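Encoded as structure tokens, the structure appears first; notes follow it.
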Amino acid sequence: MQKIITFLAFQQDQVEEAVKMYTSIFKNSKIIEMATLDHNPPGTEQKLKVATFELDGQRYMAMDAGPFPQFSMAISLMVKCEDQAEIDYYWEKLGDGGEIQACGWLKDRFGVSWQIVPKNVEQLITDSKNGNTKAVIEAVETMIKLDMAALEKAYKS
């Protein structure tokens with residue numbers, strides 16, 4: 001049992017489309033349940049939809065929340081990638097129709113923030129005993145989509 005599950009509250013009528021998109025992008029993903037609740041948010045005729053799904057084996061829940069505040073960059077989903085091809089893949093798929101940002105961040109078309117990073121990102125930015133973490137941070141600050149080879153080169157400098 002996964003003890004902590006990320007719960008996403010989407011704007012009205014977005015949850016089904018978002019969950020289908022996410023599960024089509026990530027391997028080892030599936031929609032576990034999609035239900036329409038017998039409850040209308042106050043002042044609306046909208047029926048709430050709730051979804052339980054997995055992305056690469058990680059469980060999430062989501063619902064159509066109606067007029068909820070938009071998602072914020074203060075929380076993002078980080079995707080650790082094996083190689084540059086994987087970075088490119090997730091960048092293209094999640095960024096399609098969204099908002100490209102800087103330093104490996106993007107917002108998808110539903111407003112969810114994602115960080116598309118190398119699998120060893122923690123080592124590259126924190127392990128100053130074995131590499132040049134300052135150079136890595138400076139390199140990241142100049143990038144939009146992260147370049148894994150350039151970050152590893154900066155770490156080794």
Review point. Given the chain reduced to its alpha-carbon atoms as identical point scatterers, what log10 I(q)/I(0) does the Debye formula return at q = 0.18 Å⁻¹?
Key: -1.08
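Please give the contour-minus-distance gain from Asn28 to Glu16: 0.36 nm per residue of separation, less the Cα-Cα distance, rounded to one decimal in nm. The partial results should precede the final answer.
On the way: separation 12, 0.36 × 12 = 4.32 nm, distance 1.85 nm.
Length difference between fully extended and current span is 2.5 nm.
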**Study point:** Per-residue HN-Hα couplings for segment 67-75 [Karplus 6.51, -1.76, 1.60; θ = phi - 60°; Hz; x = Gly/Pro]
**Key:** x, 7, x, 5, 4, 10, 5, 4, 10
Check your understanding: Using the eigenvalues of the Cα gyration tensor, what equivalent ellipsoid semi-axes result for segment 75-157 when each is taken as the square root of five times the eigenvalue, whole Å, largest first?
Key -> 23, 11, 10
Check your understanding: What is the gain in length, in nm to one decimal, between Thr52 and Thr142 on full extension, counting 0.36 nm per residue of separation less the C-alpha to C-alpha distance?
Key -> 28.7 nm
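Taken together, the values in this text are just the output of simple stated rules run on the coordinates, not laboratory data. Note that the structure is a prediction, hence the values are computed from the model and not measured.
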